[in-house]
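Read-outs throughout are calculated quantities, based only on the coordinates presented, and are distinct from any laboratory measurement. Remember, predicted model here, so these are calculated numbers, not experimental data. Heads up, the Cβs are rebuilt from the backbone with ideal geometry, glycines too, and the neighbour counts pull from every protein chain shown.
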Amino acid sequence: RFELSDDFMAQMTIKQLETHLSQFGMSPQTMFDQMYQTLERMKAEVERQP
């Protein structure tokens, strides 16, 4: 949503996120991919619980 907005604060938030992630050698897509993988692992763990 932020990426599609013309709002200055939304665009600044995107730039800050990109800057912070780049310090860890990540892109926003990498962050979301890792979040998805973590979520899938958590779902699998819940399903294994009796």
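What length, rounded to one decimal in nm, is gained on full extension from SER22 through to SER5, with 0.36 nm per residue of separation minus their alpha-carbon distance? Each step should come with its number before you reach the end.
On the way: separation 17, 0.36 × 17 = 6.12 nm, distance 2.20 nm.
Length gained between SER22 and SER5: 3.9 nm.
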Taking amide H atoms as placed 1.01 Å from N in the peptide plane, list the residues 5 or more away in sequence, or in a different chain, whose amide H sits under 5 Å from that of MET26.
none
Which of the listed residues, LEU39, MET26, MET9, is farthest toward the dipole's positive end in the chain, when Lys, Arg count +1 and Asp, Glu count -1 at the beta-carbon?
LEU39
Helical mean residue ellipticity (222 nm; -39500 (n - 2.57) per DSSP H run of 4+; nearest 500) of the chain
-25000 deg cm²/dmol
Helix axis angle, 28-48 relative to the chain longest principal axis, alpha carbon, degrees:
20
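Only Lys, Arg, Asp and Glu count, each charged at its Cβ (+1, +1, -1, -1), so figure out the dipole size of the chain about its Cα centre, rounded to 20 debye.
Rounded to the nearest 20 debye, it is 180 debye.
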Using the alpha-carbon atoms, what tilt in degrees (0 to 90, nearest 10) does helix 8-23 show relative to the longest principal axis of the chain?
60
